[in-house]
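One structure below.
The values are calculated or read from the model by the stated rules, or taken from the named source; none is laboratory data. This one's a predicted model, so the numbers in the text were calculated from it and none came from an experiment. Every residue, glycine as well, gets a Cβ built from its backbone with ideal geometry; the counts of neighbours run over all protein chains shown.
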Amino acid sequence: MKIEYSKENIKIIIAIVVFVGLATAVVVFKLFYPVKSTEFAGTIQRVEGSNIYAAGFFTVPGHLERYYGPLHKKSVRILIGPDTEITKIVRYNLPIEGEEWDHTKFRAESTRGNLNDLRPGMLVKVFSSENIFDKNQFAALKIEYTQDIVSK
């Protein structure tokens, strides 16, 4: 029995083989070389009990430009436990808008923060002890937020 192949059938077979090959390569690459991140930076949407809901980006060392932008923005649920360290960074003597910047007067200090200080619209940086890349929820090891005090 002889099987005849038309040019159209050969093109379809080649397309299927290429597609399967590319799909296999992507799966193997993701399994053996996963993207890793232990940091998330974003804006708080709401705080409910010991959960922070935020929208932002995962920080991927060495690939900062690759994982930012509208396509990579992610909404997450950040779980706050009893061992989560919350740090407030207070920045003093920031200039009022339109005022000239005098870096000699600027200073910043870190103090113990409080979950009750966190409000919608605030920027937070969250650290975890595990790979949290692209997860919808994760436990926070440490949270940092900033309070600015402008010069008068």
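What about residue 54, is it assigned by TED's automatic domain parsing to the domain that holds residue 141, of a type in the set (Gly, Ala, Ser) and modelled with pLDDT of 95 or more? Answer is yes for this residue. One residue stands out in the stretch 80-135 among those that are more than 25 Å from the chain's Cα centre (by Cα) and part of a strand (DSSP E or B): the one that is modelled with the lowest pLDDT, namely 94.
It is to be established whether one or more residues within the stretch 70-77 are within 12 Å of the chain's Cα centre (by Cα), surrounded by fewer than 15 Cβ atoms within 10 Å (Cβ to Cβ), of a type in the set (S, T, N, Q) and modelled with pLDDT of 90 or more. Yes - at least one qualifying residue is present in the stretch 70-77.
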